[in-house]
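Quick notes on the structure that follows.
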Amino acid sequence: MGSESDDGDFEEFVAARGPRLLRMAWLLTGDAHLAEDLLQTVLAKVWPRWHRIAADHPEAYIRTALVHTHASWWRRRWRGEVPHGVVPDTAAQWDAYAGVDLEQSLAAAVRLLPVRQRAVVVLRYFEDLSVEDTAATLGCAPGTVKSQSAKALRTLRALLPAAVVEGGERRARP
């Protein structure tokens, strides 16, 4: 177990980096409650080894653990029932929540990606990691990150125009 000093360092790290790690967990899971569970699971695994991890790059270690733990959860997840439905059109001409709709559409499209592609998109574009850092986090070659990125972006481009609908017509993207 860790010392009193390690406990304080761990608590400071979680207080400082926790919100960013929670956002990453949410981007991976697409669900606030699952994201909290994922982050708590990873932090519980990391805490006993904190004195070794803290000396190196703890955030990179925890990001890697988030991706791997989420992938193992995803493999076991039941996928029998998926809700469908189209949101009814609104009567207003101006939609004050269009930005939120776009964010939700993007989040839904990212959740449709295969686990590996989703992890690459989250690490590269939401966490702003380089190709090399993403490859190191995922334990693969930089070429794999590039090819998975290209496939994911192609899929997202195909999904988003259909997902971003306003008043029955497709909204032009800038």
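Annotations
- A single entry from Gln93, Gln104 fulfils the requirement of being part of a helix (DSSP H, G or I) and either more than 21 Å from Val145 (Cβ to Cβ) or at pLDDT below 90 (or both): Gln104.
- Selection from the range 98-143 of residues that are among the β-branched types (Val, Ile, Thr) and under 19 Å from Leu66 (Cα atoms): Val110, Val115, Val120, Val121, Val122, Val131, Thr134, Thr137
The values are calculated or read from the model by the stated rules, or taken from the named source; none is laboratory data. Quantities reported herein were computed from a predicted structural model and do not represent experimental measurements. As a convention, Cβ positions derive from the backbone with ideal geometry for all residues, glycine included, and neighbour counts pool all protein chains shown.
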